[in-house]
Every structure is written in structure tokens, then in C-alpha cells.
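The values are calculated or read from the model by the stated rules, or taken from the named source; none is laboratory data. Since the model is a prediction, treat every value here as computed from it, not as a measurement. Reconstructed Cβ throughout: ideal geometry from the backbone, glycine too, with neighbour counts over all protein chains shown.
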Amino acid sequence: MQFKITNKIKNLEIGELKDNLFHYSYDSKTLKSLFKNNISKDDISYITAHSSFKGEIYENIIYELLMDYALNNEKIKGFVLKGPYQDMENKFIKSGLLIDRTSQIVFKSAYKDISEFDAMFFTEDKLYFVEMSTSKKTASLNKRLAKKYALLKMIFPYLEINALIVVTTGSIGLNNFPSYATIWVTKDLDDDELIEKIIFAKKVKNDLQTLKAPEDKKYLEAFSLKYKKFAYFPTLEWILNGSRKNPKFKVDLSFFSNSKMNLYFDIYTKLYIGYLNLECFKVFYKDFDMELENNRVFVTLEKVTQTQIDIVYYAKLKNKKLYRIRIEEGLTPSIKEKEPDGFTNAEVRFFSKILEERHILNAKDINHILKNISIIEFKK
């Protein structure tokens, strides 16, 4: 079953819903400053800020139109409220599917956002998550889908998961989206008068309900949804220990070759399998000269492309910086610093506490894994 776009949505006919757009929270500080300083509209800083802001408005327009669409479509049984419509305070909920401080639909673990969804609705036996974008390039949007799809498949195992992608005319790469995605194409948002009014409108607080959704049982609060719990960090630990249960191998690669592990790779990107000490790591990267925090380099199996798994290392230094290091034969090692407040840093802090001496790997182990890594096959 595919939902068809209406002419109203295709043409962004917001009509009587236009006033509702002023109840959403926007980040207009940068644009206001650029306006006040008479920055040229041809300046790259203005173009970037304006494009981002227009994207926020576009998302809210589509959300408003989708609310109306859901109300009038008998196949849609539930539609999740967000923004100015949600009336449940979620600030202090640590984990789960909820509305966050910015009034978006998110799945959190230990206060950190794992995934964000622009909208979400249900039929009798399906869940649709919605992604909207004004960018004409869709590659990064497409790449983000795998994690969201896998997470929802994990917490709603009894539902078929689908995506609704809403983009604007002229977007490229639409044929590259997965089969579970329905694509809607709308006109560009070109109402400059509306955009400028919203830029200078009075700022709305995120956590206030200022609009009331029509009285209908279809409209749902995120906190009321029933789903299977997903424990982010304990699952990573379970994977680490599960991969070591086969007495024949230090790391059993066949453990990673099933449909459930495929979902885990999409959710986490990388799965931790142990660590190397500095001396052993230098067997593979002899010029490594960073000062490690605890004489450990964390070893992961990482999904580096949609079809390729490779060993990727993470080095936490004495200065608290964390680096991703990928070593490919014949190439200069790829080194990238990770965000201090990102999930990878949180994962490494977690594993710093739970890794034991039994989790250490050596050069022979690494070579064995690299030689046999093709054992990992993704089964649907």
C-alpha cells in the first residue's frame, strides 16, 4: 500500500493552516543578526542560514498538511503529535521514544538522541516514519534512513516499517531510495513574505502547548506508544560477549552474520569486539605516536559502506580527544577526531569501564579477522 500525494500537499497549499506555523519554535537568531547587519543576500553566510531556516518552515508546513491528510485518510489509524500540539513534558525522561526539548519526535538513550523523526503515523499493521528535505541532493538523507529503519524495526517488531520521503522539485537520486520508501515531490517553498514574517515573529518556547489538535483518537502522544524496549549500551555489551562464546575463536565472526545483527550494524554502525595494547597496535600502525589514555586502542567491526565491514580502531588520548583510525593496506591511515559530546565518545567511555583483560586481542587475532571478515553476510 502506497499513500498518494494530494495536490494540496504537492503545491504547499497551507491556506487556513498558515497561522499555525507561527506556533512552532525556530532558530532565527543567525538570520536576524544578518538582516540587522545588512549582509548581502548573495553572501554565503546568508544563503546558508536562509536555506536552513527555510528547511525548518518547510518541515512544519508538511507536518501541518500531513496532520490534515491523516485525519481524512481512513487507512491511517494513528498520527504522532509534536511541536506546539504535544502536551506531555518529556524533559526528564532518560530513554525511549518521546518528544525532546526541541519538540521533535526522538528516540533517546541515556538522554542522548539516537534518531529523530520528522513525523510518524500508523496504519493497521504498518508504521511510516517521515523524512522531509529541501536539499536537492538526497544522498545523505538516503544514508540516514538505514539507522532509523533498523531502530524502528527493533522496537516495533510486529509492524512493517516504511518511510515517506518528502522532497522538492528538482531533487536528484530519487531512484536510489530503498523499496520501503514512498517518495512525494512538492513545489519549492517560495513564499518570501511568509518566511520573513516568521523570522521576525516573537520567539515561541519549545515546551509549551499552544495549539490544540482536532479531537480525534488518531492523534497520539509519543509517550503513549507501546513498543519493545531497546537498551542501547547493554546491547553493545551483549554483542561484545556474545561474539566470544565460541571456544574455537577469540571473536566468532559467524555470530555477526544474521538478520538481527544486520539491524544492529545499521543502528550502531560499529560493534565493539575488544581492544589492543599500544605495542600490538603499532604492529599495524608503526608510526602511531599519540599518547593513549589507558594503553588501549578499541577495536570495532564497522559498516564502512552499505556492503562492506572492516576493522576500525578508536584511540582515546590523555588529552581526552578521541580518534577514529582506519588502516587499509597500501593506503595512508585515515584519522578523524570524533565529537566530544557524540555517541562514539559515550560508547568508548562505557567500554572503558567494562572491558576486562579477557577482551584483549593480539596481532594474530586481527589478522585472522581481516582474512575471514567476508564470513559476515547480511541475511534479510
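Evaluate the following for residue 182: is it farther than 27 Å from residue 23 by Cβ, touching a strand residue (DSSP E or B) at 6+ places or on another chain (Cβ under 9 Å) and in contact (Cβ under 8 Å) with a residue 24 or more places away in the chain?
The answer is yes for residue 182.
Those residues that are assigned to a loop (DSSP other than H, G, I, E, B) and either within 20 Å of residue 257 (Cβ to Cβ) or at pLDDT below 95 (or both), I need them from segment 357-380; list them, please.
Listed by number, the residues that qualify are 361, 376, 377, 378, 379, 380.
Can you find a residue that is in a helix (DSSP H, G or I), more than 24 Å from residue 109 (Cβ to Cβ) and within 15 Å of the chain's Cα centre (by Cα) anywhere in segment 122-140?
Yes: one or more hits.
Take segment 329-380 and flag every residue that is of a type in the set (Val, Ile, Thr), more than 16 Å from residue 272 (Cα to Cα) and in contact (Cβ under 8 Å) with a residue 12 or more places away in the chain.
335, 375
Taking interchain pairs and intrachain pairs at least six residues apart, which have beta carbon atoms under 9 angstrom, with the first residue in segment 229-250 and in contact (Cβ under 8 Å) with a residue 24 or more places away in the chain and of a type in the set (A, V, I, L, M) and the second in a helix (DSSP H, G or I) and loosely packed, with under 13 Cβ neighbours inside 10 Å?
Short answer, once both residue conditions are applied: 231/238.
For residue 269, indicate whether it is within 28 Å of residue 100 (Cα to Cα), out of contact with any Gly (no Cβ under 9 Å at 6 or more places or on another chain) and not hydrophobic (A, V, I, L, M, F, W, C).
So residue 269 fits the description; yes.
Out of 263, 292, 278, 301, report the one residue that is out of contact with any Asp or Glu (no Cβ under 7 Å at 6 or more places or on another chain) and within 21 Å of residue 372 (Cβ to Cβ).
Just one listed residue meets the conditions, 301.
For segment 152-176, how many residues meet the condition of being closer than 20 Å to residue 81 by Cα and not aromatic (Phe, Trp, Tyr)?
Number of matching residues: 9.
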